[in-house]
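Below you'll find the structure, written out as structure tokens, and then a few comments.
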Amino acid sequence: MHQPKERANLDPAAASLPRITPMGDRNTHPTRKQKMAHRRAKQKPAQHRTGVVLDTLATAGTTAETDDWVARSLRAVWHPCTQMKHHERLPLIPIARGSGPWLYDRAGHRYLDAISSWWVNLFGHANPRINAALKDQLDTLEHAMLAGCTHEPAVELAERLAALTQHTLGHAFFASDGASAVEIALKMSFHSWRNRGYGDKQEFVCIANSYHGETIGALGVTDVALFKDAYDPLIRHAHVVASPDARRAEPGESAADVARRALDAVRALFEARSHRIAALIVEPLVQCAAGMAMHDPSYIAGLRVLCDQFGVHLIADEIAVGCGRTGTFFACEQAGIWPDFLCLSKGISGGYLPLSIVLSRDEIFAAFYDDDTTRGFLHSHSYTGNPLACRAALATLDLFASDNVLAANAQKSATLRAALAPLAGHPQVRNLRQCGTIFAFDAVIADPQQAKTFSRRFFTHALQRELLLRPISTTVYLMPPYILDDAELALLAARTHETFEATLAEAA
């Protein structure tokens, strides 16, 4: 397959984009190391390479070295959530470093990380204050098992998170990732009911189009066919109730009306099955993988009432929507309630290290507190409560506390909302919407084949305009780090619009 040598070959418009000089390369003359690498590459037999390389290195003598890095990844790395064959056409970006909201490839070309590296990065790449905290922790304690031991970062993080819930939720249980946190909450709910003498409560409820992770237990409460169907024989299925997605409003209805209709479906299920149902799980305010489906806070408040009335646990999956994404630190705050379990991951470590946490109410913890080992919660992984990850999370909380982040986010979001407003009148845009720092709109694509490939084509056009954006099907969304300045916000809005137009024009 022919490999483009110049970035402009992917799109003529890319030729006008600014080129960033690679760090440490201040002239056009190849170094001795580069010359040697070039000679070695010329001596090697030609190899077939798959994947598109975005102008991986423009400087003489170094192209082979960078091309090899991409080719090696395609040979050796199984990339997540990816049909690997698509990389015969879809660019694979060789990221060399990050700084603030920008990622840089090996040629020095930059990309605004407009989706926060899968929703995890809050305060930019290589944040100096988080870096400093991690360097200090690295010289003190890198890891110690949390079974039979404890350490300051885990203790302090658990205490500070409990305080943020007004001490309604405490007893933090640490894990590594979002799906693991969901597994833990499901197991805790079932096991706590059993310890209290309600062993029949073994069923779970999720919301239509919900996503809670891709481990087997988490898939049981996920309603996205793409992730779930292949593993259907392995899955214990949950009850699925109607989504409160505000886009489902009938003429004359409000988002609150849609929420009321969705709550009626929950009530009907609880009236029939609450004696068998352990818990209902929900992403408060935004169902992210459902195409950023947003709903009225009254839905979460109504769930709390129904769960209390019928004796069902409420699990809030705040893995993506927590840590300020929706405008408050916890999304549940906007509904004025606390769940029985709250799952955190992604942004809690600032996007630095794998970490997830399940916070629970005192009565949940009390159900396991016994002399009998079998009544304990026997779940673990080797890196539970890793000190480095906990220290990154503490540094993240420090930034929230010292920089008045939530108020600053509100101002930045207002600026971005105004800059994106012209899209609302576009004939192929529907449902331009916002919740906190999350923005989304739906592309209207009549041709099913064009709709099927929209996300990949948009991604490629975005890269050519210095943006890292990955639509969910035909939903374009922005979830940038919290540190963008006015110029970067303007660039993000303008180039998102340009990317959308270029993607539509390609299909014309």
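Pick out the one residue from A335, A366 that is modelled with pLDDT of 95 or more, closer than 29 Å to D296 by Cα and either surrounded by fewer than 24 Cβ atoms within 10 Å (Cβ to Cβ) or in contact with a Lys or Arg (Cβ under 6 Å, 6 or more places away or on another chain) (or both).
That would be A335, the only listed residue that is modelled with pLDDT of 95 or more, closer than 29 Å to D296 by Cα and either surrounded by fewer than 24 Cβ atoms within 10 Å (Cβ to Cβ) or in contact with a Lys or Arg (Cβ under 6 Å, 6 or more places away or on another chain) (or both).
Select from the range 252-286 the residues that are touching a residue at least 12 places away in the same chain (Cβ under 8 Å), over 25 Å from the mean Cα position of the chain (by Cα) and not in a helix (DSSP H, G or I) and list them in ascending order. Walk me through how you get there before you give the answer.
Going through the range 252-286, the residues touching a residue at least 12 places away in the same chain (Cβ under 8 Å) turn out to be 254-256, 258-263, 265-267, 269-271, 273-286.
Adding the requirement that they be over 25 Å from the mean Cα position of the chain (by Cα) leaves 254, 256, 258, 260-263, 265-267, 269-271, 273-278.
Correct list: S254, S274, H275, R276, I277, A278.
On the basis of being touching a helix residue (DSSP H, G or I) at 6+ places or on another chain (Cβ under 9 Å), surrounded by fewer than 24 Cβ atoms within 10 Å (Cβ to Cβ) and among the basic types (K, R), does R375 make the cut?
Yes: the conditions hold for R375.
Can you tell me which of G108, G124 is open to solvent by less than 30 Å² (accessible area, probe 1.4 Å) and either at pLDDT 95 or above or among the aliphatic types (A, V, I, L, M) (or both)?
G124
Is it the case that C323 is crowded, with 16+ Cβ neighbours inside 10 Å and in a helix (DSSP H, G or I)?
Numbers: crowded, with 16+ Cβ neighbours inside 10 Å: yes; in a helix (DSSP H, G or I): no.
Taking the combined requirement at face value, the residue does not satisfy it.
Here is a list: L146, L164, L134. Which entry is farther than 30 Å from G98 by Cα, within 23 Å of the chain's Cα centre (by Cα), open to solvent by 10 Å² or more (accessible area, probe 1.4 Å) and not β-branched (V, I, T)?
L164
Just checking, which of A238, A218 is in contact with a Phe, Trp or Tyr (Cβ under 6 Å, 6 or more places away or on another chain), in contact (Cβ under 8 Å) with a residue 24 or more places away in the chain, open to solvent by less than 40 Å² (accessible area, probe 1.4 Å) and under 23 Å from L285 (Cβ atoms)? So that I can check it myself, show each step before the final result.
Values: A218 fails: in contact with a Phe, Trp or Tyr (Cβ under 6 Å, 6 or more places away or on another chain).
Sole residue among the options that is in contact with a Phe, Trp or Tyr (Cβ under 6 Å, 6 or more places away or on another chain), in contact (Cβ under 8 Å) with a residue 24 or more places away in the chain, open to solvent by less than 40 Å² (accessible area, probe 1.4 Å) and under 23 Å from L285 (Cβ atoms): A238.
Residues are listed down the side, and each one gets a yes or a no for (1) buried (at least 17 other Cβ atoms within 10 Å of the Cβ); (2) over 28 Å from G322 (Cβ atoms):
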{"site": "V429", "(1), (2)": "yes, yes"}
{"site": "R465", "(1), (2)": "yes, yes"}
{"site": "S473", "(1), (2)": "no, no"}
{"site": "P480", "(1), (2)": "yes, no"}
{"site": "A493", "(1), (2)": "yes, no"}
{"site": "A505", "(1), (2)": "no, yes"}
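Of all residues being in a loop (DSSP other than H, G, I, E, B) and touching a residue at least 12 places away in the same chain (Cβ under 8 Å) in the range 167-177, which is least open to solvent (accessible area, probe 1.4 Å)? Just the residue, please.
L169
Sort out for me the strands (runs of 3 or more DSSP E) sitting completely within the range 327-442 that have 1 or more residues that are in contact (Cβ under 8 Å) with a residue 12 or more places away in the chain and charged (D, E, K, R).
429-435
Give me a count of the residues in the range 338-363 that are farther than 18 Å from G213 by Cα and open to solvent by 70 Å² or more (accessible area, probe 1.4 Å).
Total satisfying the criteria: 2.
Within the range 482-491, which residues are outside any loop (DSSP other than H, G, I, E, B) and open to solvent by 30 Å² or more (accessible area, probe 1.4 Å)? Walk me through it before giving the result.
Going residue by residue through the range 482-491, those that are outside any loop (DSSP other than H, G, I, E, B) are 486-491.
Correct list: D486, A487, E488, A490, L491.
Would you check if A289 is within 18 Å of T475 (Cβ to Cβ), at pLDDT below 95, not in a strand (DSSP E or B) and not β-branched (V, I, T)?
Against the criterion (within 18 Å of T475 (Cβ to Cβ), at pLDDT below 95, not in a strand (DSSP E or B) and not β-branched (V, I, T)), A289 qualifies.
V444 versus (1) closer than 17 Å to A505 by Cβ; (2) open to solvent by less than 50 Å² (accessible area, probe 1.4 Å): which is the lone unmet condition?
(2)
When you look at A451, is it hydrophobic (A, V, I, L, M, F, W, C), part of a helix (DSSP H, G or I) and open to solvent by 40 Å² or more (accessible area, probe 1.4 Å), yes or no? Spell out the reasoning first.
Values: hydrophobic (A, V, I, L, M, F, W, C): yes; part of a helix (DSSP H, G or I): yes; open to solvent by 40 Å² or more (accessible area, probe 1.4 Å): no.
No; evaluated as a whole, the condition is false for this residue.
Determine whether L186 is open to solvent by less than 20 Å² (accessible area, probe 1.4 Å) and touching a residue at least 60 places away in the same chain (Cβ under 8 Å).
Judged against the criteria, L186 is a match.
The values are calculated or read from the model by the stated rules, or taken from the named source; none is laboratory data. Small disclaimer: the values here were computed from a predicted structure and weren't measured. Methodologically, a virtual Cβ is constructed for each residue, glycine included, from the backbone with ideal geometry; neighbour enumeration extends over all protein chains shown. Areas reflect the complete protein model, heavy atoms only, side chains present, ligands, DNA and RNA absent. Shrake-Rupley method; radii C 1.70, N 1.55, O 1.52, S 1.80 Å.
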